[in-house]
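Since the structure comes first, as structure tokens, the remarks are kept for the end.
The values are calculated or read from the model by the stated rules, or taken from the named source; none is laboratory data. Keep in mind it's a predicted model, so treat the numbers as computed, not measured. In this analysis, Cβ positions are derived from the backbone assuming ideal geometry, glycine residues included, and neighbour counts consider all displayed protein chains.
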Amino acid sequence: MADMGAPYAMLLYERFLGRPFAGHRDSVSELIGDILESAIEGVLHKAGITARKTKRAEKIQGFDQSPDFIIPSEFNPQIIIEAKITEDDGTARDKVTRIQHLGELSMAGQPAGKPKYEVIACIAGRGFGVRREDMKKMLLATRGKVFTLQNLDQLVECTRLKEFKTK
């Protein structure tokens, strides 16, 4: 029998433990997400860019779900950044749908090629590498503005963020 590896063993362990394990995983997922958001904050701070970081489940006018970062502010959104980490393809698919929706919102009522704001996705985790079609959708929705921890140092120079750079 082929070695199923650690992911399969983890899945079996989760099923054995049931909801308590999933509850723990859910409780630490926000902490894991903070790693990526903290890295983004570091890049923005280093460039002297003021950003509005939203809180979990915060309501921002014009958005049915608030993005993670709004530059320069929610009153004049020019750039929004959505930070997502996922380890499975199902969750990645949901995150891609969210980013696509933000892309659609940016084009609502706008002339072709003139979005209200630039949508940037910062992603991490192996879930995004599973489904190539989802990655294609995300690249189209963000007009190619997808960054990972490995290329986050290019976030400012490869986006409209450079217009807001003060350092």
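Would you check which residues across region 141-161 are free of Cβ contacts under 8 Å to residues at least 24 places away in the same chain and farther than 19 Å from Ser38 by Cβ and list them? Result: Gly144, Glu157, Cys158. Of all the numbered requirements in (1) hydrophobic (A, V, I, L, M, F, W, C); (2) over 16 Å from Ile79 (Cα atoms); (3) without any contact (Cβ under 8 Å) to a residue 12 or more places away in the chain, Phe128 misses one, and that requirement is (3). When restricted to residues that are over 20 Å from Asp64 (Cβ atoms), of a type outside the set (A, V, I, L, M, F, W, C), in contact with a helix residue (DSSP H, G or I) (Cβ under 7 Å, 6 or more places away or on another chain) and not in a helix (DSSP H, G or I), region 105-150 contains 1. With respect to the conditions (1) part of a loop (DSSP other than H, G, I, E, B); (2) of a type in the set (A, V, I, L, M); (3) at pLDDT below 95, Val156 lacks only one, and its number is (3). If you go through region 65-78 and keep only what is within 16 Å of the chain's Cα centre (by Cα) and either under 20 Å from Val96 (Cα atoms) or part of a loop (DSSP other than H, G, I, E, B) (or both), you end up with Gln65, Ser66, Pro67, Asp68, Phe69, Ile70. Looking only at residues in region 79-104 that are in contact with a Phe, Trp or Tyr (Cβ under 7 Å, 6 or more places away or on another chain) and either assigned to a loop (DSSP other than H, G, I, E, B) or modelled with pLDDT of 90 or more (or both), the one that is nearest to Asn151 (Cα to Cα) is Ile81.
Against the criterion of being buried (at least 17 other Cβ atoms within 10 Å of the Cβ), of a type outside the set (Gly, Ala, Ser), under 18 Å from Glu41 (Cβ atoms) and touching a Pro at 6+ places or on another chain (Cβ under 9 Å), Phe164 qualifies.
Conditions (1) under 17 Å from Cys158 (Cβ atoms); (2) under 12 Å from the mean Cα position of the chain (by Cα); (3) not acidic (Asp, Glu), marked per residue:
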{"site": "Val43", "(1), (2), (3)": "yes, no, yes"}
{"site": "Arg98", "(1), (2), (3)": "no, yes, yes"}
{"site": "Arg132", "(1), (2), (3)": "no, no, yes"}
{"site": "Lys136", "(1), (2), (3)": "no, no, yes"}
{"site": "Arg143", "(1), (2), (3)": "yes, no, yes"}
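When each of Ile71, Ile99, Ile85, Ile60 is tested for being aliphatic (A, V, I, L, M), surrounded by 13 or more Cβ atoms within 10 Å (Cβ to Cβ), in contact (Cβ under 8 Å) with a residue 12 or more places away in the chain and closer than 18 Å to Phe164 by Cα, the lone residue that passes is Ile71.
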